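This report refers to the structure that appears directly beneath it.
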Amino acid sequence: MNEISIFAGNANRPLAGKICSYLNLPLGEALVGRFSDGEIIVEIKENVRGKDVFVVQPTCTPINENLMELLIMVDALKRASAGCITAVTPYYAYARQDRKTAPRMPISAKLVADLFTVAGTQRLLTMDLHTGQIQGFFNIPVDHLFAMPVLLEYIKNNFAPDLAIVSPDTGGVERARAFARRLKSSLAIIDKRREGPAISAMTLIGNVWGKETVIIDDMVNTGGTLHMAAEILVRHGARSVHACVTHPVLARDSISTIKNSLLRSLIVTDTIPLSAEAEACEKIQVLSVAPLLGEAIRRIHAQDSVSSLFI
């Protein structure tokens, strides 16, 4: 695999290192720094002419800094005559702004897609997009992976067979149903009503009495939804409540919210690196998606099918 190079921005270098270990490749040499006024400077320190190049950079907090790092790295690689440039962006920022929810509002997910393309990205490898239709915002190939294989294996090995899978809102029913079908477990849905950004009411649809329950979602932001969902599940007789989430955004006071919730555990992946406070939280467990991303990179480079990873 000497015609492939993997580079990483500053957002999640540990994940990039794990991917390189899976592929038995060194991490590419690149300087990603700042000028005195805060401008980003990138210098590629090795020859990439004609190579397949993969840039590992989730657009997590600080979102705009990491997004600009990625775009500037892609531009540097394009000007260094890289053969094909793939942005490996496990967490795609602005994904929740995928449509106009009120007059005179932007569709920021589409704007970010345009920025990727204009910078010189020729392919996107991402994971658990907030909504699948974001793939249609791109005029380049998008490989949309799911963390389901990693989470499914953990659930099968750590929970009882009489499990109930729970969707925390109606928008996540398809995702939760896919888990329930593969685990041959029951499905429950929480109907979440909002007034502005705040949740005004939650109603449980389904039976969880006496069962272990696992809430399935694509991201945890403030932890408020999981906190309220755990309460309603316990009120309806759930024996225990756990959550499996792909992207640990964990903004604001989310860690204290999770600590004070009725959740027994929160299982996340390493698409986003945890803060020191999150790492110290006993309820949070991290699973790695590096082998999944590494296998996708290997298949893209070898021009093999990636579809078998899309379960």
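When the stretch 135-160 is limited to residues that are over 30 Å from SER186 (Cβ atoms) and touching a residue at least 12 places away in the same chain (Cβ under 8 Å), the one that is surrounded by the fewest Cβ atoms within 10 Å (Cβ to Cβ) turns out to be ASN139. Looking only at residues of the stretch 107-127 that are in a helix (DSSP H, G or I) and of a type outside the set (Gly, Ala, Ser), we find that the one that is surrounded by the most Cβ atoms within 10 Å (Cβ to Cβ) is PHE116.
Checked against (1) under 28 Å from ASP253 (Cα atoms); (2) in a loop (DSSP other than H, G, I, E, B); (3) among the aromatic types (Phe, Trp, Tyr), TYR154 meets all criteria but (2). Of all the numbered requirements in (1) closer than 19 Å to ASP191 by Cα; (2) of a type in the set (S, T, N, Q); (3) part of a strand (DSSP E or B), THR222 misses one, and that requirement is (3). Taking the stretch 49-65 as the search range and keeping residues that are touching a residue at least 12 places away in the same chain (Cβ under 8 Å) and closer than 13 Å to VAL249 by Cβ, which one is surrounded by the most Cβ atoms within 10 Å (Cβ to Cβ)? Here the residue is THR59. I'd like the full set of residues that are at pLDDT 95 or above, of a type in the set (Gly, Ala, Ser) and not in a helix (DSSP H, G or I), limited to the stretch 238-259. Residues satisfying the conditions are ALA238, SER240, ALA243.
Matching residues to (1) more than 23 Å from VAL289 (Cβ to Cβ); (2) at pLDDT 95 or above; (3) of a type outside the set (D, E, K, R):
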{"position": "GLU65", "(1), (2), (3)": "no, yes, no"}
{"position": "GLU69", "(1), (2), (3)": "no, yes, no"}
{"position": "ASP75", "(1), (2), (3)": "yes, yes, no"}
{"position": "VAL88", "(1), (2), (3)": "no, yes, yes"}
{"position": "TYR92", "(1), (2), (3)": "no, yes, yes"}
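Determine whether the stretch 40-47 contains at least one residue that is among the basic types (Lys, Arg), out of contact with any Leu (no Cβ under 9 Å at 6 or more places or on another chain) and either surrounded by 15 or more Cβ atoms within 10 Å (Cβ to Cβ) or without any contact (Cβ under 8 Å) to a residue 40 or more places away in the chain (or both). So far as the stretch 40-47 goes, no, none of its residues is among the basic types (Lys, Arg), out of contact with any Leu (no Cβ under 9 Å at 6 or more places or on another chain) and either surrounded by 15 or more Cβ atoms within 10 Å (Cβ to Cβ) or without any contact (Cβ under 8 Å) to a residue 40 or more places away in the chain (or both). In the stretch 161-172 there is at least one residue matching the filter, namely being surrounded by fewer than 18 Cβ atoms within 10 Å (Cβ to Cβ), at negative phi and part of a loop (DSSP other than H, G, I, E, B). Within the stretch 264-279, none of the residues are free of Cβ contacts under 8 Å to residues at least 60 places away in the same chain, among the small types (Gly, Ala, Ser), closer than 18 Å to LYS192 by Cα and outside any strand (DSSP E or B). Filter the stretch 1-30 for residues that are assigned to a loop (DSSP other than H, G, I, E, B), free of Cβ contacts under 8 Å to residues at least 40 places away in the same chain and either within 19 Å of THR59 (Cβ to Cβ) or of a type in the set (A, V, I, L, M, F, W, C) (or both) and give the result. LEU25, the sole residue that qualifies.
Take ARG104 and tell me if it is basic (Lys, Arg) and in contact (Cβ under 8 Å) with a residue 24 or more places away in the chain. Judged against the criteria, ARG104 is not a match. Quick check on GLY50: is it farther than 25 Å from ASP270 by Cα and not basic (Lys, Arg)? Yes; evaluated as a whole, the condition is true for this residue. The set of residues in the stretch 101-127 being over 30 Å from ARG298 (Cα atoms), at pLDDT 95 or above and polar (S, T, N, Q) consists of SER108 alone.
Residues that are surrounded by fewer than 13 Cβ atoms within 10 Å (Cβ to Cβ) and farther than 16 Å from LEU70 by Cβ within the stretch 15-39 comprise ASN24, PRO26, GLU29, PHE35, SER36, ASP37, GLY38, listed in sequence order. The residue that is nearest to CYS20 (Cα to Cα), counting only those in the stretch 42-53 that are among the aliphatic types (A, V, I, L, M) and under 26 Å from the mean Cα position of the chain (by Cα), is VAL53. Considering the stretch 41-62, and only residues there that are at pLDDT 95 or above and among the β-branched types (Val, Ile, Thr), the residue that is farthest from PRO291 (Cα to Cα) turns out to be ILE41.
Restricting attention to the stretch 99-106, does a residue exist that is of a type outside the set (S, T, N, Q) and surrounded by 19 or more Cβ atoms within 10 Å (Cβ to Cβ)? No, because not a single residue in the stretch 99-106 is of a type outside the set (S, T, N, Q) and surrounded by 19 or more Cβ atoms within 10 Å (Cβ to Cβ).
The values are calculated or read from the model by the stated rules, or taken from the named source; none is laboratory data. The structure presented is a predicted model; accordingly, all values stated were derived computationally and were not measured. Neighbour counts run over all protein chains shown; Cβ positions are idealised from the backbone, glycine included.
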